[in-house]
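> Here's a structure for you.
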Amino acid sequence: MSGLDKMRETFRRDQVWNFLMPRYTYEDVLDTSKGPILYLEDVTVSFDGFRALDDLTLYINDGELRCIIGANGAGKTTMMDVITGKTRPDHGSVFYGQRIDLLRLSEPEIAALGIGRKFQKPTVFEQHDVLVNLELSMRMDKRVWTTLSARLSGEQRDRIDEVLEIIGLKNEAYKRAGLLSHGQKQWLEIGMLLMQDPRLLLVDEPVAGMTGHETERTAELLTSLAGQHSVVVVEHDMEFVRSIARTVTVLHQGSVLAQGDMDTVQNDPRVREVYLGD
Amino acid sequence: MSYLQQYFQSDRAGNSMLGALLAIAILVPILNLAVPESSVFHVSTYTVTLIGKYLTYALLALAVDLIWGYCGILSLGHGAFFALGGYVMGMYLMRQIGDRGVYGNPELPDFMVFLNWQELPWYWYGFDMFWFAALMVILVPGLLAFVFGWLAFRSRVTGVYLSIITQALTYALMLAFFRNEMGFGGNNGLTDFKDILGYSLQSDYTRAGLFAASALILVLAYLLCRNIVNSKLGRVVVAVRDSEDRTRFLGYRVEYYKLWLFVLSAVLAGIAGALYVPQVGIINPGEFSPLNSIELVIWVAIGGRGTLYGAIAGAILVNLSKTWFTGVLPEGWIFALGAMFVVVTLYLPRGLAGLITRKQAQT
Amino acid sequence: MDHCSAVQKTFSRIRYGSRLLLLLFGLVVAWTNANSVMAETTGFEQIVQSLTTSKFRDKEKAVRELAAVQDKRTMPVLQALLDARLYYRKADKRVVIVERVDGQFRMTDPVTAEELGTVPKRKIKKIGINNKLRKLLKSKLASLSLEGPDPSVRLSAIEQMQGQLDESQYLYIKKLLEQERDDDVRSAMVAALALYELDNGSADQRIKAIEVLSGNLAQVVSNRLQALLEQDDLEKEVRKAAIKALDRINERLKINSIIETTFFGLSLGSVLLLAAIGLAITFGVMGVINMAHGELIMIGAYTTYLVQSVMPNYTDLSLLVAIPAAFLVSAIFGILIERFIIRHLYGRPLETLLATFGVSLILQQLVRTVVSAQNVAVSNPSWMSGSIQINAALSLTYNRLFIFIFAMIVFVALLLILKKTALGLQVRAVSQNRSMAKAMGIRSDWVDAMTFGLGSGVAGIAGVALSQLTNVGPNMGQSYIIDSFMVVVFGGVGNLWGTFVGALSLGVANKFIEPFSGAVLAKILVLVFIIMFIQKYPRGLFPQKGRSAEN
Ligand SMILES: Nc1ncnc2c1ncn2[C@@H]1O[C@H](COP(=O)(O)OP(=O)(O)O)[C@@H](O)[C@H]1O
Ligand SMILES: [Mg+2]
């Protein structure tokens, strides 16, 4: 980068200087006054010439609960990877609110801005107790020195108990996470997401491996979160999608095929052709 | 008071070890100095030095365990930090020789006179002062670890890649230190030390003092490490070991955590090296050899990585058996060492400590 | 000296040929034939025998006669006389050429080339010469070789004379030049004459001579030109011409040295390639570092040693036998390591690294105990020794050249194996997506074992090549593991072409840095460079893409 570019970069009007960015309070910087909290525009990701995302354009409104469906390999997980900073797109732009360019930030920075993610394959810290898993996820200053001297306050402890209650793992609080069942791990990961107290939740196939009853509870939980939070859910289970969705987006070969409420989408002939398979 | 009690109860094996360390820190010097040689309880100076050496190895093992056992970073180059600490101490000891060297030059160490150097290289300045050398014992390994770790962790070099480039690091340093032009005595390294802080290194009292210092510093380092691994930072570090990506998505800057721990570990290794050199009386480029670094990994593996006392026990055990083997059956040692690598990784992934805890769980 | 033995060899070949004739043409023909050989021999033998006289004048006469005989056996005799190696047995006055062996003298008959055994000094007597005779011998020998039938003998004779001609030799060579047919000999003669004129000619002659010499890379030419420039009273034109010629020579020397450095670099690169390519296969497919890889190379080298000691009389052949043998032995070791250790540590690369390191220690110590802790001597077959002379200042040794070619062959063979065979297909499938390959019914553990065997076998072959370049000892493998790994990482894991480019470029880079920094520093610099490189390109020059590379 030339000196001039650097200077321009430093004095960009649309951006807050990095050192002015508060470390873990993002509310002031996040500007959702125009409606959407997330703007994906013309995002393309290719692997060895294969386009996993192909000029994808998608907006998520603040406080919305959005379901994303699509066949295997449609690019749903890749889309989440792009939002959370794991994969860098070939081109396109990803903005969080109107001001924050996510493509310039690293994963921890993005997480610190209040974007939480649940992975498709449940990933928890298997060597740690359930309690510690939640403790580590808690929203707080996560710099090295503060972490070294961090102690749980009573308030934080209460919050953990609360979440343990929600995810139904109260009795397993001191169990090693590696010993949990698949469904329990899913719940634990949802719990970790809640502990982060994120503004935007990205949830990749949350009900895989859950019983019917658990699925219902998950649906309840996610709907209750919407409003305060914005939630993006990727799911295959059509029952589940129908039970929670207000707006559904269908991804196909890396771009949006159709969008609307469940009925509209289900009746769209193109969707029927490629996804629902009749 | 109850807080303290709880604190100590959490690591019983470690506490027994601390107790034992404190006990020998006091007892061994007394048995060496105050008990007459004819007595069965007398501990010879040779033994004092030998155990003292093991204690510095134990400190080194602790350093490796901290990053490997807890953070999953397998460094095959920790011997380099140990050796650097050793060289820094060696430079101080060299300067203490003054004009008592073979050539009687008050400024220049013998090997420089031998190479026809006219003046002291700039990087030797200040090493005649103990406080400066002590500072460098921390700064030199720390700085190298910082630069190396910053580059490596920032670009997310992990796993075997990291292991091998740490090995390459120590290999490169070894080659460099073998060169006479480096100004560290080339092949022969630094040796023929006379005294430390004004006390003769030949005296039994100095040796006992060095021994006690090694034991005490080991105890302090143990407490420090235990504090760290029991803190929230310790839990984050284990989380990094388990799933680095996940930790990142929770908002932790993994590379800083790794860097912090790596630097700390390197500094501990450097201190161990600094304690080692006055006791054995020599430091040479052989200490940088990749074999040394990988050997010390097996101490930790045998003791049990991920437990602090395991690392210490492993270092002492393996070195005891090395001393014994090389006395009785020198050829056998390499076979035994090789077999240890294989057996421990195949059958004892948690080391002896793991074996004991498993036994405890069964009963 | 060299051409002497060559002559002897030809000589014995002729004798061998005449024996064949005996068999082929039957008794009668053989009888006449043998008779004529005998007749010739008698004449030659008589002259040789006459050397035993104590009068120098008679010796001189014998020497002149010998030089006139036109016999291939002449030169060795004259050379031996000049070197004070011509003796006669006190017992029967038989003339012999001797060679000193452990304080004794081994005798050869100059006439029949028959070995006559070894005797102590007191049984024989030297045939002495004086200065006059020495001078005569030298000139006769020179002209014998200059007029001899073998152009290579003529060439080396004239090259030896370059720069030290006296006037009579100058004139003599000038005359010879008119009849000379061989181009190389001709240009050597022209150079020799020019060198003479440089010192003794007029200004014009000198300038002409300089022109002839410019571009000649022989050391003696640039020395002479240098010396010429140091003369204070040199004519301006001559000086100018000399400077120009020297510049041209230096320029060509520079190009030469670039070529030479590149050659050395490629040679080092091909060694790196051989060492690394096996690792590239195992690391690329299984994602584990086999720290015993260097020891598999060592085992290959020791196999070469063993094969050579089993067939001591067939050094030339033994190397060819050693290649498949080393491949097999190392492959078996590799498969054993895979079956007994690595297989149980799948998915735990760091543990695999440690366990295989243990194996490497055991293998080293095994060799130390079973064979020896010292280095062993592996001999080079005759076709690997010597070098090609590109020009006066540049020669490429055969062993490096062959090993380079060999590395290319191995590389191409591996490429073909991986591209064209069923095993190759399965290996690529497993390395790209293990679980998918498994689901498709590929027996991944069989593939693992075979891959490991292949990679290890190649390491063994590398050992054969290395045994021709470096010392073979228990520690020889150790230094290769870091280098090989660097090459693989530099080139990009899972990509044979990457390894190829990585190895050759690192080899060449190393050799080009060496002159400025010394070998050790060059090595350090390359290591540091790679450490920095991995920072920027963690996946190497030619990264493998895909999900497998992500995790
Ligand atoms: N790292 C990667 N390397 C190569 N291909 C990838 C990678 N990540 C995803 N893909 C490919 O991109 C496509 C989209 O994948 P993904 O986003 O996981 O789909 P979904 O989550 O919708 O099932 C798939 O065909 C997948 O194989
Ligand atoms: Mg997916």
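> Could you work out the percent of alpha carbon pairs in the protein assembly as shown separated by over 47 Å, rounded to a whole number? Intermediate results must be reported in sequence, preceding the final value.
Numbers: 370001 of 709836 pairs.
Roughly 52 percent, once rounded to a whole number.
> Would you list C:90, C:132 from the most to the least accessible area, probe 1.4 Å? List each step's numbers first, then the result.
Numbers: C:90 110, C:132 135 Å².
Result, largest first: C:132, C:90.
> Now for a different question. Starting from one equal scatterer on each C-alpha and no solvent at all, send me the Debye-based log10 I(q)/I(0) for region B:13-290 at q = 0.13, 0.14 Å⁻¹, two decimals.
Debye intensities relative to I(0), on a log10 scale: -0.91, -1.01.
> If you don't mind, another one. Over the heavy atoms of residue A:29, what accessible area does a 1.4 Å probe trace out, to the nearest 10 Å²?
10
> If you don't mind, there's one more thing I want to ask. Considering every residue in B:331-338, what mean count of other chain Cβ atoms within 10 Å of its Cβ is obtained?
Taking all residues of B:331-338 together, the mean is 5.
> If you don't mind, there's one more thing I want to ask. Using the Karplus curve 6.51 cos²θ - 1.76 cosθ + 1.60 with θ = phi - 60°, work out ³J(HN,Hα) for each residue of region B:254-271 in order, rounded to whole Hz, and write x for Gly and Pro.
Running phi through 6.51 cos²θ - 1.76 cosθ + 1.60 with θ = phi - 60° gives 3, 4, 5, 4, 4, 4, 4, 5, 5, 5, 4, 4, 5, 5, 4, 4, x, 4 Hz.
> To continue, here is another question. Looking at the protein assembly as shown only, what percent of DSSP beta bridges run antiparallel? Nearest 5 please.
Close to 70 percent.
> Right, another one. Through the Karplus equation 6.51 cos²θ - 1.76 cosθ + 1.60, θ set to phi - 60°, convert the phi angles of region A:226-242 into ³J(HN,Hα) values in whole Hz; use x for Gly and Pro.
4, x, 5, 10, 9, 10, 10, 10, 9, 8, 9, 5, 5, 4, 4, 4, 4
> What are the residues whose amide H is under 5 Å from the amide H of residue A:117, where those residues sit 5 or more places off or on another chain and H is modelled from the backbone?
It is A:202, by chain and number.
> Using alpha-carbon pairs under 8 Å, 6+ residues apart, how would you state the relative contact order of chain C in percent?
In percent, rounded to a whole number, it is 15.
> Separate question: Taking the Cβ of residue C:428 as the center, what net charge do the other residues with Cβ under 12 Å away carry, scoring Lys and Arg +1 and Asp and Glu -1? Provide the component values of the computation, followed by the final result.
Numbers: positive: C:419, C:420, C:434; negative: none.
Residues near residue C:428 contribute +3 overall.
> Could you compute Rg(Cα) / (2.2 N^0.38 Å) for region B:152-308, with N its residue count?
Compactness ratio reported: 1.25.
> Just B:277, B:40, B:229 to compare: in a GNM of chain B, with alpha carbon springs under 10 Å, which one fluctuates most?
Sorting by GNM fluctuation, first place goes to B:40.
> Chain pair B, A: how much accessible area is buried, both chains summed, with a 1.4 Å probe, in Å² to 100?
2700
> How would C:444, C:50 rank on accessible area, largest to smallest, probe 1.4 Å?
The ordering from most to least exposed comes out as C:50, C:444.
> Keeping all protein chains in place, calculate the accessible area per residue for the protein assembly as shown (probe 1.4 angstrom), answer in Å².
46
> I've got another one for you. In square angstrom and rounded to 100, what buried accessible area do you get between chains B and C, total over both, with the probe at 1.4 Å?
Heavy-atom accessible area buried at this interface is about 3600 Å².
> Mind listing the phi-derived Karplus ³J(HN,Hα) values for region B:219-224, rounded to whole Hz, using 6.51, -1.76 and 1.60 with θ = phi - 60°, and x for any glycine or proline?
Going residue by residue, I get 4, 4, 4, 4, 4, 4 Hz, with x marking Gly and Pro.
> Report, in deg cm²/dmol and to the nearest 500, the calculated mean residue ellipticity at 222 nm for chain B, where each DSSP H run with n ≥ 4 adds -39500 (n - 2.57) and the sum is divided by the residue count.
Here the helix-only value at 222 nm equals -24500 deg cm²/dmol.
> Which links in B:232/B:322; C:72/C:175; A:185/B:232; B:194/C:523 stretch past 27 Å when you go from one Cα to the other?
B:232/B:322; B:194/C:523
> Mind checking which helices in chain C clear 27 Å along their axis (Cα) and have mean Kyte-Doolittle hydropathy of 1.6 or more, DSSP H runs only? Numbers along the way, then the final one.
Values: long enough: C:2-50 (36 Å, 0.29); C:236-286 (72 Å, 0.77); C:315-340 (37 Å, 1.74); C:349-370 (31 Å, 1.12); C:398-420 (32 Å, 1.96); C:444-467 (34 Å, 0.98); C:496-517 (31 Å, 0.88).
Those that clear 27 Å and a mean of 1.6 are C:315-340, C:398-420.
> Over 22 Å between Cα atoms: which of C:419/C:511; A:118/B:258; C:244/C:511; C:61/C:138; C:55/C:135 fall into that group?
C:419/C:511; A:118/B:258; C:244/C:511
> Taking chain A as a Gaussian network, where each spring joins two C-alpha atoms under 10 Å apart, which residue of A:199, A:176, A:139 fluctuates the most?
A:176
> Could you work out [θ]222 nm for chain C from helices alone, using -39500 (n - 2.57) per DSSP H run of at least four and dividing by all its residues? Round to the nearest 500 deg cm²/dmol. The partial results should precede the final answer.
Working: 21 runs with 392 residues, N = 551.
So the calculated ellipticity at 222 nm is -24000 deg cm²/dmol.
> Follow-up question, since we're still on this one. Restricting to region A:29-276, compute how many DSSP beta bridges are antiparallel as a %, nearest 5.
DSSP beta bridges in region A:29-276 are roughly 55 percent antiparallel.
> Specify the residue with the greatest mean-square fluctuation among A:221, A:202, A:152, computed from a Gaussian network of chain A linking alpha-carbon atoms under 10 Å apart.
Greatest mean-square fluctuation among the candidates belongs to A:152.
> Could I ask something else about it? When the accessible area of chain B is split by element with a 1.4 Å probe, what percent falls to carbon and sulfur?
Values: 9550 of 14610 Å².
Result for chain B: 65 percent of the exposed heavy-atom area is carbon or sulfur.
> Residues with amide H under 5 Å of residue A:256's amide H, sequence separation 5 or more or different chain, H placed in the peptide plane at 1.01 Å from N; which?
A:57
> What's the average, rounded to a whole number, of partner chain beta-carbon atoms within 10 Å of each residue's beta-carbon in B:226-234?
For this peptide, the per-residue mean of nearby foreign Cβ atoms is 3.
> Could you work out what % of the accessible surface of region C:247-345 is carbon and sulfur, using a 1.4 angstrom probe and leaving DNA, RNA and ligands out of the count?
70
> Could I ask something else about it? Would you mind checking which residues have amide H under 5 Å from residue C:94's amide H? H placed 1.01 Å from N; only 5 or more apart, or other chain.
C:89
> Mind checking the mean number of beta-carbon atoms from other chains within 10 Å of the Cβ atoms in C:474-481?
Mean inter-chain Cβ contacts per residue within 10 Å come to 1.
The values are calculated or read from the model by the stated rules, or taken from the named source; none is laboratory data. All figures in this text were calculated on a predicted structure; none of them were measured in a lab. Neighbour counts run over all protein chains shown; Cβ positions are idealised from the backbone, glycine included. SASA here: full protein model, heavy atoms, side chains in, ligands and nucleic acids out. Shrake-Rupley method; radii C 1.70, N 1.55, O 1.52, S 1.80 Å.
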